[in-house]
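Here the structure is laid out as structure tokens; the discussion comes afterwards.
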Amino acid sequence: MSRPDTAVKLFHTASSGFESRLRRIRPSQWSAATPCAAWDVRQLVNHVTRGNLNYVGLLDGATSADFLRLRDADALGADPVGAYRRSVRMCAEAFGRPGALEQVLDYPLGRLPGRQAIAVRTTDTVVHTWDLARALGVDDRLDPGLVAWIGEHLDEIYAGLPETPVSPDTTHRFFAAPSGGSAGTPQDELLRLMGRNTGRPN
């Protein structure tokens, strides 16, 4: 899928896109609704931040049960931007360790190598960047290089996992069902597969 340096670089690029929207949150927007119906803006940011930390945990030997137990634990505290930036740094450093991309992790959807895990993490961050942008009413255009990379490797990114946005047999416990209709751009098609409605909000 990617060389070690490329895999971490893609994660950094995705994380930078999320941070650029995160820094635009006004105090009144932390409780605003997002395209993820179960989460407001703070919960969405916490999900991405906590996710980074949970992947570090997996690389350090944590189990899938640990991952799920901590999935909604607060990771933001009183400094959400700082907490997010630290989580990105920790995650990138962990996946950049020698052998990390070959290490087999006890991911909740099945055991998978670190190389695949960081690709899943990158994809999740990209999609949630759009969610956050939509919630804030700011520019929701995603990095076209990332969108193209994900689109080209989608089958590999989720290969072997029982829950995946690219299989019609998915139970949709972790991924929203694909939205209907056709998509006009690579970004729209990726978001459609991830269950997002890309029509302009009212």
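Restricting the first member to the stretch 105-121 and to residues that are more than 16 Å from P165 (Cβ to Cβ), and the second to residues that are among the polar types (S, T, N, Q), the beta-carbon pairs closer than 6 Å and six or more apart or on different chains are D106/T63; D106/S64; G114/Q103. In this structure, A38 does not qualify as farther than 24 Å from A135 by Cβ, of a type in the set (A, V, I, L, M, F, W, C) and free of Cβ contacts under 8 Å to residues at least 24 places away in the same chain.
Going residue by residue through the stretch 49-64, is there one that turns out to be more than 24 Å from A119 (Cβ to Cβ), in a helix (DSSP H, G or I) and either touching a Leu at 6+ places or on another chain (Cβ under 9 Å) or modelled with pLDDT of 95 or more (or both)? No, every residue in the stretch 49-64 fails to be more than 24 Å from A119 (Cβ to Cβ), in a helix (DSSP H, G or I) and either touching a Leu at 6+ places or on another chain (Cβ under 9 Å) or modelled with pLDDT of 95 or more (or both).
Please list, ordered by first then second residue, the pairs with beta carbon atoms under 6 Å, 6 or more apart or interchain, first in the stretch 8-33 and without any contact (Cβ under 8 Å) to a residue 40 or more places away in the chain, second part of a loop (DSSP other than H, G, I, E, B) and exposed (fewer than 15 other Cβ atoms within 10 Å of the Cβ). Qualifying pairs under 6 Å: none. Within the stretch 49-80, the residues that satisfy the criterion of being surrounded by 14 or more Cβ atoms within 10 Å (Cβ to Cβ) and closer than 15 Å to E19 by Cα are T49, R50, G51, N52, L76, P80.
In the stretch 97-106, the condition of being part of a helix (DSSP H, G or I) and either of a type in the set (D, E) or touching a helix residue (DSSP H, G or I) at 6+ places or on another chain (Cβ under 8 Å) (or both) is met by no residue. If you go through the stretch 3-33 and keep only what is crowded, with 18+ Cβ neighbours inside 10 Å and over 15 Å from the mean Cα position of the chain (by Cα), you end up with P4, I25. Selection of first residues in the stretch 124-140 that are touching a residue at least 24 places away in the same chain (Cβ under 8 Å) and of second residues that are hydroxyl-bearing (S, T, Y) and part of a helix (DSSP H, G or I), restricted to Cβ pairs under 7 Å at least 6 apart or on distinct chains, gives the following pairs, ordered by first then second residue: T125/S15. Output the residue which, of all residues in the stretch 34-48 that are surrounded by fewer than 18 Cβ atoms within 10 Å (Cβ to Cβ) and among the aliphatic types (A, V, I, L, M), is modelled with the lowest pLDDT. Only one residue tops the list, namely A37. Total residues in the stretch 49-68 satisfying the condition of being under 13 Å from M90 (Cβ atoms) and touching a residue at least 40 places away in the same chain (Cβ under 8 Å): the figure is 5. Within the stretch 9-41, being part of a helix (DSSP H, G or I) and out of contact with any helix residue (DSSP H, G or I) (no Cβ under 7 Å at 6 or more places or on another chain) holds for K9, S16, S20, P27, S28. Taking the stretch 131-150 as the range and being more than 11 Å from L191 (Cβ to Cβ), of a type outside the set (A, V, I, L, M) and in contact with a Pro (Cβ under 9 Å, 6 or more places away or on another chain) as the test, the residues that pass are G137, P144.
Filtering the stretch 65-88 to residues that are among the charged types (D, E, K, R), over 15 Å from the mean Cα position of the chain (by Cα) and part of a helix (DSSP H, G or I) leaves D66, R69, R86.
The values are calculated or read from the model by the stated rules, or taken from the named source; none is laboratory data. Because the structure is a prediction, the values reported are computed rather than measured. Methodologically, a virtual Cβ is constructed for each residue, glycine included, from the backbone with ideal geometry; neighbour enumeration extends over all protein chains shown.
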